[in-house]
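Read through the structure below, which is laid out as structure tokens, and then see the notes.
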Amino acid sequence: MNPIFTKMVDAVEAANAAPDDYINSADGLKYCGKCHTPKEAFYPADLQAQGFTKHPVMCKCAAERREREEAEPGNTSECPI
């Protein structure tokens, strides 16, 4: 696997970690300790054949928090052009 990509994924995983997160023994993915939804997903089979296995995703509570923040008045995250 590309060492630069590996470092990027490791950095995102570290930022995406919380003390109460856990690894689900059934699928081997990291789960949120708060909402118990996955914080990782598997790459498609063609990428797994190239050495990529898992990537970070937002759990349910993180996605809901992001939606609330984006919906707040005065949020200018959209491009004005």
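The values are calculated or read from the model by the stated rules, or taken from the named source; none is laboratory data. Predicted model only: the values in this text are computed from it and were never measured. Virtual Cβ from ideal backbone geometry, glycine too; neighbours counted across all protein chains shown.
Okay, here's what the table says:
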read-out	value
Total residues in region 18-57, condition in contact (Cβ under 8 Å) with a residue 24 or more places away in the chain, in a loop (DSSP other than H, G, I, E, B) and surrounded by 12 or more Cβ atoms within 10 Å (Cβ to Cβ)	6
Total residues in region 2-17, condition among the polar types (S, T, N, Q) and in contact (Cβ under 8 Å) with a residue 24 or more places away in the chain	1
Every residue from region 51-81 that is at pLDDT below 85 and of a type outside the set (Asp, Glu)	51, 52, 73, 74, 75, 76, 77, 79, 80, 81
